[in-house]
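Here the structure comes first, spelled out in structure tokens, and everything after it is commentary.
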Amino acid sequence: MTPDDRLLAAYAECERITREQARNFAWGIRLLPGPKRRALSAVYAAARRIDDIGDGDLPAAEKLTALSRAREQVTLPAGHPDDPVLYALADAADRLPIPLPAFGELVDGCELDVTGQTVSDLDDLVTYCRYVAGSIGRLSLGVFNPELGDQELARAGVLADSLGVALQLTNILRDVREDLQMGRVYLPAKDLHLFDCELRLDANGALDPQDGRLAELIRFEAARAWGWYDEGLKLLPLLDRRTRACCAAMAGIYSELLTRIARNPSMIFDQRASLPTREKLRVAAGALAASAGTGASGGHGR
């Protein structure tokens, strides 16, 4: 196999991983031109590998060792021709200003999961979200590579981080039940106390609604997430049309999911909430159509 063939195969593997495992993320990626689509797929595949270590079945000590190894590999991915994900990531980072050290923050977040972090208040929650999702926002911005001056580029990095926090807060609300089953609680202890809630499962494995208090807490956290969307979506006018469409589609799919959860919090009590494929297609198509103007919002609404 020639180096070109090996590289094409490496990117194809990253796109397969993204297509099969990133059911929301992939809709936005499809709207990118080929080189950026492949590069962002490589970023996702590398991030997925780190997440899978943190969520896997290894004993904690072995997870931490594997995460340490992954940290070194993804921040210095060159020299791994037999690993398609790292091979593609190294090529993408050679062509685009992808801030590979941001992967280290993703590893930091996964290490918090492994060691059993306690989310006491909003600061703890935002720190965690910035580790595991703000980092992905900044990595994605490197792929988008907007033609901006230094000051605007710095602002874009902050906004990409904020949008990542918004997406992660949505994930946390969607996955409250699954995370609790894994012994993880991301809703701040201070907020649980404020609403007189204790996350627990009933005899059927569903979240205990606690006389409506849990629903009120979920709505409170959703309102908080919308604040981060309002800030993060200011990134869109700084992007070119295709990358704006990609970003708007991803944000739109997640914010539509957040809207549904806020309207009916009980939908997450006994199952994992998701959007039907036709709704994702609608949001992605709307993002592409709206991206011709700088006010594209990807379907964000309440």
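The values are calculated or read from the model by the stated rules, or taken from the named source; none is laboratory data. Just so it is clear, the structure is predicted and the values come from calculations on it, not from any experiment. Glycine gets a Cβ as well: all are built from the backbone with ideal geometry, and neighbour counts include every protein chain shown.
General remarks:
- Considering residues of segment 4-17 that are of a type outside the set (A, V, I, L, M) and in contact (Cβ under 8 Å) with a residue 40 or more places away in the chain only, the residue farthest from residue 85 (Cα to Cα): 6
- Filter result for the condition that a residue is part of a helix (DSSP H, G or I) and either in contact with a Leu (Cβ under 7 Å, 6 or more places away or on another chain) or buried (at least 17 other Cβ atoms within 10 Å of the Cβ) (or both), over 173, 187: 173
- Lone qualifier among 148, 139, 106 - being hydrophobic (A, V, I, L, M, F, W, C) and at pLDDT below 95: 148
- Of all residues in segment 239-288, those being over 29 Å from residue 152 (Cα atoms), among the basic types (Lys, Arg) and in a helix (DSSP H, G or I) number 5.
- Options 47, 78, 66: the member that is small (Gly, Ala, Ser), in contact with an Asp or Glu (Cβ under 9 Å, 6 or more places away or on another chain) and either outside any helix (DSSP H, G or I) or under 30 Å from residue 125 (Cβ atoms) (or both): 78
- Within segment 74-103, the residues that satisfy the criterion of being in contact with a Leu (Cβ under 6 Å, 6 or more places away or on another chain) and at pLDDT below 95 are 75, 77, 80.
- Single residue of segment 209-221 satisfying the filter (under 27 Å from the mean Cα position of the chain (by Cα) and among the acidic types (Asp, Glu)) that is surrounded by the fewest Cβ atoms within 10 Å (Cβ to Cβ): 216
- Checking each residue in segment 18-52 for being touching a residue at least 24 places away in the same chain (Cβ under 8 Å), over 15 Å from the mean Cα position of the chain (by Cα) and surrounded by fewer than 23 Cβ atoms within 10 Å (Cβ to Cβ) picks out 30, 32, 33, 35, 36.
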